[in-house]
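Written out below as structure tokens is the structure these notes cover.
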Ligand SMILES: [Zn+2]
Ligand SMILES: [Zn+2]
């Protein structure tokens with residue numbers, strides 16, 4: 001793992017801890033943050049966050065997903081964290097957690113999403129190649145703009161863009177490049 005990845009995880013955890021403190025101080029969520037443990041998941045999971053409870057130690061662990069932190073804007077990620085903090089509250093108070101009326105009521109007070117937050121990794125990312133333009137788009141299927149990028153243009157500046165196959169990191173800018181990437185990956189496609 002590179003230093004850059006450590007830095008991102010440190011940043012994620014630092015921001016998460018600060019926000020958790022704000023939720024307790026400003027919204028009056030009655031939880032004991034000192035017995036909460038934190039973890040970052042680096043696995044390719046669809047869950048943006050999770051909360052584990054070890055009843056013998058009475059310790060709740062909030063697990064946040066690195067990829068979700070990279071994909072989300074902070075307000076969206078902070079809402080995921082508040083969802084998990086509601087679970088902490090349930091575990092610390094009742095020894096169990098769920099998404100019933102008790103959860104909904106507390107989640108509403110914190111403007112936290114009701115459902116366990118998931119996110120789906122796009123299969124393809126389109127990225128403008130013009131310097132100074134940060135246009136990006138996501139595609140879940142090999143649509144025409146994915147297969148023949150030379151026929152299309154950036155949605156903002158009309159420049160050329162590249163397509164990335166997210167799982168492999170392979171990129172292309174032409175139909176030929178798409179075919180080559182697909183052939184090279186074979187069954188991993
Ligand atoms: Zn949940
Ligand atoms: Zn552009």
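The values are calculated or read from the model by the stated rules, or taken from the named source; none is laboratory data. The structure displayed is predicted, hence computed values, not measured ones. Reconstructed Cβ throughout: ideal geometry from the backbone, glycine too, with neighbour counts over all protein chains shown.
A few points about this structure:
- Residue-level check: of (1) more than 23 Å from the chain's Cα centre (by Cα); (2) away from ligand 1 (no atom under 16 Å from the Cβ); (3) outside the structural domain of residue 168 (by TED's automatic domain parsing), residue 71 misses just (1).
- Subset of region 27-40 that is closer than 16 Å to residue 15 by Cβ and touching a strand residue (DSSP E or B) at 6+ places or on another chain (Cβ under 9 Å) - its residue that is surrounded by the most Cβ atoms within 10 Å (Cβ to Cβ): 36
- Total residues in region 114-139, condition within 30 Å of residue 56 (Cβ to Cβ) and surrounded by 15 or more Cβ atoms within 10 Å (Cβ to Cβ): 2
- Counting only strands (runs of 3 or more DSSP E) that sit wholly inside region 56-169, those with at least 2 residues that are in contact (Cβ under 8 Å) with a residue 40 or more places away in the chain and in contact with a strand residue (DSSP E or B) (Cβ under 9 Å, 6 or more places away or on another chain) are 59-65, 124-128, 161-165.
- Every residue from region 146-157 that is under 17 Å from residue 170 (Cα atoms) and more than 25 Å from the chain's Cα centre (by Cα): 147, 148, 149, 150
- Some residue of region 113-126 being away from ligand 1 (no atom under 16 Å from the Cβ) and under 30 Å from residue 27 (Cβ atoms): yes
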